[in-house]
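To start, the structure itself, in structure tokens.
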Amino acid sequence: MSETMNNIDVKALGKVAVLMGGSSAEREVSLMSGKGVLAALQSKGVDAHAFDPSQQDLGELRKQGFARCFIALHGRHGEDGTVQGALELLGIPYTGPGVMASSIAMDKIMTKRIWRFEGLSTPEWRMAASEQDTRDALAALGAPMIVKPAREGSTIGLSKVSSPEECAQAYALASRYDPEVLCEQFIEGMETTCAVLGQGRSAKALPVIKIVAPDGNYDYQNKYFTDTTQYFCPSELPAEMEAAIRDLAEKAFRTLGCRGWSRADVMVRASDQQLFLLEINTSPGMTSHSLVPMAARATGMSYEDLCLHLVAHASTDAAQGAEL
């Protein structure tokens, strides 16, 4: 991989905007990701600059002469296809999946519908538009059950409910972030995540990461701000299971038409070792606690080289043709 990195002409990349911050509920994490990416690209000699879409109009990207963008935005207006669409209109290549793939992946319900249609395993679910819908979902799916906004990330607005009495608070919390609420069967078992780099049939999964969070609670705090969560990469899983998770992640990536990079979260059910796709993140975190850089390091690719690789492969839907 280092040989490939050495072949990248950083001057030919032109002026690069690292999009960070934004207006979503994940602004804080986005700023952490963006600052890390900015420093990494600058250390490689890239003419990179910070750009916060909540502070400047995106039209300024063209006016200021930016040739490509590294999207370090998370959540709404960052990885839901909206900023990707704006960059398409501006004709500026960007990192990560295109408009359609980003939009679908951000919507956990639509993602699950497509995965289910394609025969990929994902937990049973119900949509909820009220407290009563949430209670009905619990009766259908069984306890415990996960309740979360359909279009948020980083476990924002997520609750684990075990009784009907907990449904009202869980629904109220999730619906603060999205009118569409996802009630999902809870999978008891091991949590893993697997990043995929590339495009189409050439996309390849990075090594699997096994996640062991305090009391099994991999929430916002334990993701980004504590050092008590344990990550295993290499995963120490049996070779067959590692291969199966990587294969499932690649299929999840291709099925949604992703390109560039994404990270799939996969549960391994304790009772029978069956794999279940939870979701796919099309603008993964790049903080000190983030997982894609960890997986890349296991292959010999540094954080700086990963950032350079991603921005060097920035593209647009227009350049690629149809994504699916």
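Annotations for the structure displayed:
- Just one residue in the set Glu180, Glu118, Glu131 is modelled with pLDDT under 95 and charged (D, E, K, R); that residue is Glu180.
- Positions within the stretch 33-54 being part of a helix (DSSP H, G or I) and crowded, with 22+ Cβ neighbours inside 10 Å, in sequence order: Ser33, Gly34, Gly36, Val37, Leu38, Ala40, Leu41
- The stretch 243-259, residues that are open to solvent by less than 30 Å² (accessible area, probe 1.4 Å) and not charged (D, E, K, R): Ile245, Leu248, Ala249, Ala252, Phe253, Leu256, Gly257, Cys258
- Scan of the stretch 11-32 for residues that are among the aliphatic types (A, V, I, L, M) and either surrounded by fewer than 17 Cβ atoms within 10 Å (Cβ to Cβ) or outside any helix (DSSP H, G or I) (or both), ordered by number: Ala12, Val16, Ala17, Val18, Leu19, Met20, Ala25
- Note on the stretch 174-195: residues that are free of Cβ contacts under 8 Å to residues at least 40 places away in the same chain and open to solvent by 50 Å² or more (accessible area, probe 1.4 Å) amount to 1.
- Filtered residues of the stretch 81-108 (kept if over 20 Å from Val266 (Cα atoms), in contact with a strand residue (DSSP E or B) (Cβ under 7 Å, 6 or more places away or on another chain) and of a type in the set (A, V, I, L, M, F, W, C)): Val83, Leu87, Ile92
- Lone qualifier among Thr229, Thr287 - being at pLDDT below 95 and in contact with a strand residue (DSSP E or B) (Cβ under 7 Å, 6 or more places away or on another chain): Thr229
- Residues in the stretch 307-324 that are modelled with pLDDT of 95 or more and either open to solvent by 40 Å² or more (accessible area, probe 1.4 Å) or under 16 Å from the mean Cα position of the chain (by Cα) (or both): Cys307, Leu310, His313.
- Any hit, the stretch 283-296, residues being open to solvent by 10 Å² or more (accessible area, probe 1.4 Å), under 24 Å from Leu158 (Cβ atoms) and over 15 Å from the mean Cα position of the chain (by Cα): yes
- Tally of residues being polar (S, T, N, Q) and within 15 Å of the chain's Cα centre (by Cα) across the stretch 273-282: 2
- Looking across the stretch 44-94, the residues that are charged (D, E, K, R) and under 22 Å from Met110 (Cβ atoms) come down to Arg76, Glu79, Asp80, Glu88.
To keep it simple, each residue is scored yes or no on (1) polar (S, T, N, Q); (2) at pLDDT 95 or above.
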residue	(1), (2)
Val16	no, yes
Asp47	no, yes
Gln56	yes, yes
Glu60	no, yes
Phe66	no, yes
His77	no, no
Gly96	no, yes
Ser102	yes, yes
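- Some residue of the stretch 298-306 being open to solvent by less than 30 Å² (accessible area, probe 1.4 Å) and of a type in the set (Val, Ile, Thr): no
- Boolean, Ser262 is under 15 Å from the mean Cα position of the chain (by Cα) and either open to solvent by less than 30 Å² (accessible area, probe 1.4 Å) or of a type outside the set (Ser, Thr, Tyr) (or both): yes
- The set of residues in the stretch 60-86 being over 19 Å from the mean Cα position of the chain (by Cα) and at negative phi consists of Glu60, Leu61, Arg62, Lys63, Gln64, Phe66, Ala67, Arg68, Ala86.
- Any hit, the stretch 182-190, residues being assigned to a loop (DSSP other than H, G, I, E, B), closer than 29 Å to Ala72 by Cα and under 19 Å from the mean Cα position of the chain (by Cα): no
The values are calculated or read from the model by the stated rules, or taken from the named source; none is laboratory data. This one's a predicted model, so the numbers in the text were calculated from it and none came from an experiment. Glycine also receives a Cβ, built like all others from the backbone with ideal geometry; neighbour counts cover every protein chain displayed. With ligands, DNA and RNA removed, areas are computed over all heavy atoms of the protein, side chains included. Shrake-Rupley method; radii C 1.70, N 1.55, O 1.52, S 1.80 Å.
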